[in-house]
Every structure is written in C-alpha cells, then in structure tokens.
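Notes for the one structure printed next.
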Amino acid sequence: MMHPWLSRLRHDLVKRAVWAARDVREAGSAPSAADVLELRRGLFDLRDAEGQPVIARQLWDRLCAEAPHVPAAALGAFGGALAEAEQRVTGLAERPETWREALEAVLGIETAFAALARTLEAE
C-alpha cells in the first residue's frame with residue numbers, strides 16, 4: 001500500500017504533469033500548439049487541496065513541508081526533476097525545436113517519483 005503522502009503527490013502533481021507528456025510521446029511527432037499548452041498546464045495550472053490555483057513548484061514546496069521522514073537527497077532529486085521540467089517547458093516558447101528535451105524532462109518527473117517512492121518505502 002502506498003503511503004498517503006505519496007498518493008497525494010502522485011494525484012495532485014505527478015499525474016497532472018505527466019499525462020500530457022505521455023500523449024505527446026505516443027503521437028510520435030512534434031507537438032502542436034495545443035500539446036505545448038497542455039504540457040504547460042500540467043506544470044503551471046494546478047490546484048491545491050483547497051482548489052486554489054498553484055504552479056507545480058509551489059505545490060511541491062507545500063507537499064515537501066508535509067513530507068514524512070524522507071532523506072533530504074530524495075526530496076531534492078524530485079525537486080530537481082520538477083525544476084528541470086519547468087525550465088524545459090518554459091523554454092519551448094523561445095526554442096520550440098527543443099520539444100523532445102522538454103518532453104523527456106516532464107516524463108522524468110514520473111521516474112523521479114518512482115525513485116522517491118522507493119526511498120520512502122525503504123524507510
């Protein structure tokens with residue numbers, strides 16, 4: 001059974017960020033403007049527990065403050081993956097040809113989540 005904190009992180013942040021990236025990956029071609037907008041929404045148009053607008057970084061900061069006993073390095077690794085995805089997706093506005101890197105960075109959030117989950121389960 002997954003720790004409730006991990007379940008919340010996955011539901012509130014990871015799934016929202018990664019869904020659009022999976023769709024783009026499965027299409028196999030350069031993302032349309034609508035696809036890029038969905039990638040952005042998955043990181044910059046989220047809702048907190050009270051339904052208020054929040055970006056992924058803010059939501060992560062709040063969730064970090066509530067984290068169970070998790071090594072700081074594991075939290076930092078997830079935060080780094082999230083920051084990389086935000087930076088890459090933001091960069092698409094100026095460099096749309098970097099869409100593959102942005103897509104991989106967003107998908108990397110899921111990989112980072114899995115590593116974080118393994119760390120918590122090992123505790």
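All of the numbers you see were taken from the coordinates with simple rules; none came from a lab. What you are looking at is a predicted structure, and each value in this text was computed from that prediction instead of being measured. Here Cβ is always computed from backbone atoms with ideal geometry, including for glycine, and neighbour counts include all displayed protein chains.
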TODO: List every residue whose amide H lies under 5 Å from the amide H of V54, counting only residues 5 or more places away in sequence or on a different chain, with H placed 1.01 Å from N in the peptide plane.
DONE: L46, R47, D48
- [ ] List, in order, the whole-Hz ³J(HN,Hα) value for each residue of segment 6-20 obtained from phi through the Karplus relation with A = 6.51, B = -1.76, C = 1.60 and θ = phi - 60°; use x for Gly and Pro.
- [x] 5, 4, 5, 4, 5, 5, 7, 10, 4, 4, 4, 6, 8, 3, 5
Open item on the list: Whole angstrom only: what separates the Cα centroid of segment 1-46 from the Cα centroid of segment 75-123?
Closed with: 11
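Calculated FRET efficiency, A114 and D45, Cβ-Cβ r, R0 35 Å, to nearest 0.05? Don't jump to the answer; show the numbers that get you there.
Values: r = 24 Å, r/R0 = 0.69.
So, using R0 = 35 Å, E works out to roughly 0.90.
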TODO: Using only the alpha carbons of the chain, determine the length spanned along each of the three principal axes and report them from longest to shortest in whole angstroms.
DONE: 41, 29, 24
Open item on the list: How far apart, in nanometres, would the label points at R62 and R25 be if each is projected 7 angstrom from Cα along the Cα-to-Cβ direction?
Closed with: 2.7
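Sort 23-33, 4-14 for me by packing, meaning the mean count of neighbouring Cβ atoms within 10 Å per residue, highest on top.
Details: 23-33: 12.5, 4-14: 16.9.
Most protected by this proxy first, the peptides run 4-14, 23-33.
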Task: Computed FRET value (nearest 0.05) for H69 with R100, which takes r as the C-beta separation and R₀ as 30 Å - done: 0.20
